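Note sheet for the following structure.
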Amino acid sequence: MSRNLLLISTSTTHGTGYLEHAESEIKELLKGKSSLLFIPFARPNGISHADYTAKAREAFEKWGISVTGVHEHDNPVKAVNEAEAVFIGGGNTFLLLKQLYANKLVEPLKERVRKGMPYIGTSAGTNVAGKTIGTTNDMPIVHPKTLDALELVPFNINPHYLDPIPDSTHMGETRETRILEFHGHNRQPVVGLREGSMLRVQSDKIELKGPLTARVFLQGQKPMEFAPSDDITFLLEAY
Ligand code: ASP
């Protein structure tokens, strides 16, 4: 499989502009490309697909990449099949997956990405690159026909991973508790990606990028921390 992915936890970190913290990784991923197809389907409300696409366009045009929104194309499947690269932005993960199935984009995306088309995901766009969307932080505001996602990688991701806040009086489950609950019913590894972190996948090589460690959960084992310099290849191997 000749995968070429950049799976980013968040589009915007505290104190930096849209996609700014991932600029060098994005430029490296898109080297030699001049256009990109943006999929704005995760956006639940507040901003239209056109305005969301304009935001992505503004960021990528500075880097010499032209952007079209998938909704601007009469035939979204053809748009995916002909794209030089794809970027799926964040929002609500349930809505995004539902829309990907409704527009019959799941299979074409899987096929193109497995053949090496560069894929960028932020947040919900990173969730759907995993095996299922069962570890999103979002509420199921709509009902996709399945939680099975694009499975561009054989594990799940929890973006915006949050560590417990010391001395907090909050009584809800921590992110870690929820992921351990997930592992009561599912086998695949889960990568908790903190703000500013991203995974770079090139064929069978995977690297953690950004300044922070990532928290990796394997079923039945204690959570582990991996640094950007650590070998995390096992995540791409069968589990
Ligand atoms: N709502 C997040 C996003 O920004 C996804 C998540 O937290 O799971 O896309």
Helix-only CD estimate at 222 nm, as mean residue ellipticity for the chain, using -39500 (n - 2.57) per DSSP H run (n ≥ 4): -6500 deg cm²/dmol
Determine, at each q value in 0.14 (inverse angstroms), the log₁₀ of I(q)/I(0) that the Debye formula gives when each Cα of segment 4-236 is one equal point scatterer. -0.85
Euclidean distance between Cα centres, segment 50-123 to segment 204-239, Å: 26
As a quick test, which of the pairs Lys31/Lys104; Lys31/Lys98; Lys62/Lys115; Lys27/Lys205; Lys55/Lys205; Lys110/Lys145 have an alpha carbon distance above 22 angstrom in this structure? Lys31/Lys104; Lys31/Lys98; Lys62/Lys115; Lys55/Lys205
Given the candidates Gly121, Pro108, Val190, the one whose Cα lies deepest towards the positive end of the charge dipole of the chain, counting +1 at each Lys or Arg C-beta and -1 at each Asp or Glu C-beta, is Pro108
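Read-outs: derived from the displayed coordinates by stated rules, not from any lab. None of the values given here were measured: they were computed from a predicted structure. Note that each Cβ is placed from the backbone with ideal geometry, even for glycine, and that neighbours are counted across all protein chains shown.
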